[in-house]
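The values are calculated or read from the model by the stated rules, or taken from the named source; none is laboratory data. Just so it is clear, the structure is predicted and the values come from calculations on it, not from any experiment. Using ideal geometry, Cβ is built from the backbone for each residue, glycine included, and neighbour counts are taken over all protein chains shown. Surface accessibility is based on the protein's heavy atoms, side chains included, excluding ligands, DNA and RNA. Shrake-Rupley method; radii C 1.70, N 1.55, O 1.52, S 1.80 Å.
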Amino acid sequence: MRDILVTLIVFGFLPTIFKKPHRGALMWVWISVMNPHTQGWGFATSFPFAAIIGGVTLVTLVFTREPKNLPKTSLTWIFIAFVFWMNVSTVFSIYPEDAFIQWNKVMKIMLMTFVVIMLIRTKDHINWLIWIIVISLGYYGVKGGIFTVIGGGVDMVLGPEGTFIGGNNEIALALIMTIPLMHYLQTISPKPWVRHSLTAAMMLCALAALGSYSRGALLAIAAMVAFLWLKSQHKVRMGALFMLAIPPALAFMPAQWTERMDTINDYEEDGSVQGRFNAWWMAYNLAKDYPLTGGGFEIITPELFWAYAPNPQDLHAAHSIYFQALGEHGFVGLGLYLLLGFYTWRTGSWIIRNTKKLEEFKWASSLATMIQVSVIGFAVGGTFLSLLYFDVPYYLMGAMITMRVLVEKELKQRALSVTGKKGTGSSRQLGTLEPSSPQPITRDSS
């Protein structure tokens, strides 16, 4: 039944892509983030839904008369440079054949990320993108939260098998990133039942993240909560809410959960943590020999661990977005990735700063803030996970780019409007703009 449902949804919406290309981008995000076909047990589990959606969207993008250029922002150029450097590191990879297989997967993700950025161009498009991400990940959060409550937190919450978020650590981090986005949707939803449903979903996602038994997720939650409180305009109310919600949630978890979290203090004796350190040193030592390009994709091999790891017999994936970038793409690749995160953050700060007096862009300020909170969670939790190519952070980056373009356009129109009123009165041609003084554009290097 689930296989048939997913098939009907996909093929039912495919024809609409030709008329409205952005729907192809949204369908791609849904199929790639939620992976709904993995929830079936029949033919849909191996059916190439993503390839079909991607192919139809690309064909439509070529022939559509709608605008389809990439927004020219500093963040866009850094993203292009990062993707370009991944191609350079692949050319000089240590294991070319294995690297090409992974390169093929990653480039599909990056190509469709560019397509999403090109097609998501309006406020409605952005809000639909956020809704799709929230529904896609929130499904597993609500399901996992209920599972945690019913089972008393004894059994571990896992994500959909064979996906980026299949492991307990990965699904926990994805859910942590989703909670701020749910809060944003609360602020723009006029219907009380939607806001209340999102509150329940946020609580269940938090319980699911705790039920994953992920220690990295606990650190990411702490960082996210602290930053959310700092960003809140209602610090007393937000602080009281956290004080009422967090202690009962932690007290609900069983003793075995507490024992696992306590091992954070004893990391010197924890084999999993030491394995991560070993993999980090391996990536660093490898990058010293290949400082520009790193080793390319697929460097977790016995040969390279014997050559570069302190403990050659402890074979581990990088378990860190930063050391994964360093080992696979060198110091240049790591630098570009960090710059990408920095400019995503800075773009959000620019949006917040320049929309303070724009009531019609209050939504953009709120979303930029919540994306920053999500980025904080990902930056902390990603320290312990190999999620360098997880697509959701790149989609949120794309939302930042589009919001900045929209805000800049509005500010320029307001400036032209005032100039026209002082001069020839040509401002009427710009539409029904408010006759207030112009909101100055705060320039920065981003």
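Observations
- Compared with the alpha-carbon gap, the fully stretched path from Ile52 to Ala415 is longer by 126.2 nm at 0.36 nm per residue.
- Cβ-Cβ distance of Lys356 and Phe100, R₀ of 56 Å, FRET efficiency by 1/(1 + (r/R0)^6): the value works out to about 0.70.
- One decimal place: the segment Phe63-Arg237 gains 57.5 nm when fully extended, by the rule 0.36 nm per residue minus the C-alpha distance.
- Projected label points at Leu250 and Val91, each 7 Å from Cα along the beta carbon direction, are separated by 5.2 nanometres.
- Inter-probe distance in nm under a simple model that places probes 7 Å from Cα toward Cβ, at Asp155 and Trp131: 3.3
- R0 of 30 Å, Cβ-Cβ distance Lys123-Thr301: FRET efficiency to nearest 0.05: 0.05
- Carbon and sulfur %, accessible surface of the chain computed with the full protein complex present, 1.4 Å: 66
- Using Cβ point charges alone (K and R +1, D and E -1), the dipole size of the chain about the Cα centre works out to roughly 2820 debye.
- Cα gyration tensor category, rounded, prolate or oblate, for segment 222-264 with a/c compared to 1.5: oblate
- Residues in the chain average 47 Å² of solvent-accessible surface per residue, probe 1.4 Å, ligands and nucleic acids excluded.
- Length released on extending from Leu8 to Phe43, taking residue separation times 0.36 nm less the Cα-Cα span: 11.3 nm
- Spin-label pair Thr16/Trp229, simplified geometry with 7 Å Cα→Cβ offset, distance in nm: 4.3
- Only helices enter this figure: runs of n ≥ 4 DSSP H residues, each worth -39500 (n - 2.57), summed and divided by the residues of the chain, yield -24000 deg cm²/dmol at 222 nm to the nearest 500.
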